[in-house]
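S.K.: I'd like to ask some things about the structure below.
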Amino acid sequence: MATKEAPAAGKKAADAVPKLRIRVRAYEHKLLDTSVKQIMDTAVRFDAEIVGPTPLPTEMKKYTVNRAAFVHKDAREQFEMRIHRRLIDIMNPSQKVIEALTNLTLPSGVNIDVKMV
């Protein structure tokens, strides 16, 4: 009997394109969108192939606090914190693109995670 090679091995070799995965997080969506636009403009300036920005699910954290200090358990207040996220992939990033992105100045309140995948 002849054995067949796994087709997944050939598929992984074709998909092995280096990419820069950028995850951007912020509490304010307008601030997040302007930061993402700034990142995209920087990458486009150096002719990089971009996938995204892909909106990721908004993480919502809710906190419930008693209004009264002692008795009145029914009087409560809820606060929520929303964390908006976006994902940008840059395919085959050149050294110029990586250098330009590291020198980029973004506003405070925006968190960026960069990974080479």
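S.K.: Can you tell me how many residues in region 59-110 are surrounded by 15 or more Cβ atoms within 10 Å (Cβ to Cβ) and more than 19 Å from Val44 (Cα to Cα)?
M.R.: 4
S.K.: Considering region 59-117 alone, what residues qualify as being within 19 Å of Glu49 (Cα to Cα) and free of Cβ contacts under 8 Å to residues at least 60 places away in the same chain?
M.R.: Ser94, Gln95, Lys96, Glu99, Ala100, Thr102
S.K.: Tally up the residues in region 35-58 that are touching a residue at least 60 places away in the same chain (Cβ under 8 Å) and of a type outside the set (A, V, I, L, M, F, W, C), please.
M.R.: 3
S.K.: Of the residues in region 61-114, how many are farther than 18 Å from Pro18 by Cα and hydrophobic (A, V, I, L, M, F, W, C)?
M.R.: Here the count works out to 13.
S.K.: Same structure, new question: Would you pick out the residues in region 30-49 that are loosely packed, with under 15 Cβ neighbours inside 10 Å and either in contact with a His (Cβ under 6 Å, 6 or more places away or on another chain) or among the hydrophobic types (A, V, I, L, M, F, W, C) (or both)?
M.R.: Scanning region 30-49 gives a single hit, Val44.
S.K.: Additional query: Kindly indicate whether Ala8 is under 30 Å from Ile112 (Cβ atoms), over 17 Å from the mean Cα position of the chain (by Cα), modelled with pLDDT under 90 and among the hydrophobic types (A, V, I, L, M, F, W, C).
M.R.: Spelling it out, it is not the case that Ala8 is under 30 Å from Ile112 (Cβ atoms), over 17 Å from the mean Cα position of the chain (by Cα), modelled with pLDDT under 90 and among the hydrophobic types (A, V, I, L, M, F, W, C).
S.K.: So, one more: Farther than 21 Å from Val114 by Cβ and either at pLDDT 95 or above or in a helix (DSSP H, G or I) (or both), is that true of Ala13?
M.R.: Answer is yes for this residue.
S.K.: Counting just the residues of region 17-36 that are more than 17 Å from Thr102 (Cβ to Cβ) and of a type in the set (Val, Ile, Thr), which one comes out modelled with the highest pLDDT?
M.R.: The residue in question is Thr34.
S.K.: May I ask you to list the residues in region 53-77 that are assigned to a strand (DSSP E or B) and either of a type in the set (Lys, Arg) or under 18 Å from Val24 (Cβ atoms) (or both)?
M.R.: Pro53, Thr54, Pro55, Leu56, Pro57, Thr58, Glu59, Met60, Lys61, Lys62, Arg76
S.K.: Here's something else I'd like to know. Quick test for you: out of Ile83, Ile50, pick the one residue that is β-branched (Val, Ile, Thr), at pLDDT 95 or above and not in a loop (DSSP other than H, G, I, E, B).
M.R.: Among Ile83, Ile50, only Ile83 is β-branched (Val, Ile, Thr), at pLDDT 95 or above and not in a loop (DSSP other than H, G, I, E, B).
The values are calculated or read from the model by the stated rules, or taken from the named source; none is laboratory data. Everything numeric in this text was worked out from a predicted model, so none of it was measured. Neighbour counts are summed over all protein chains in view; Cβ atoms, including those assigned to glycine, are modelled from backbone coordinates with ideal geometry.
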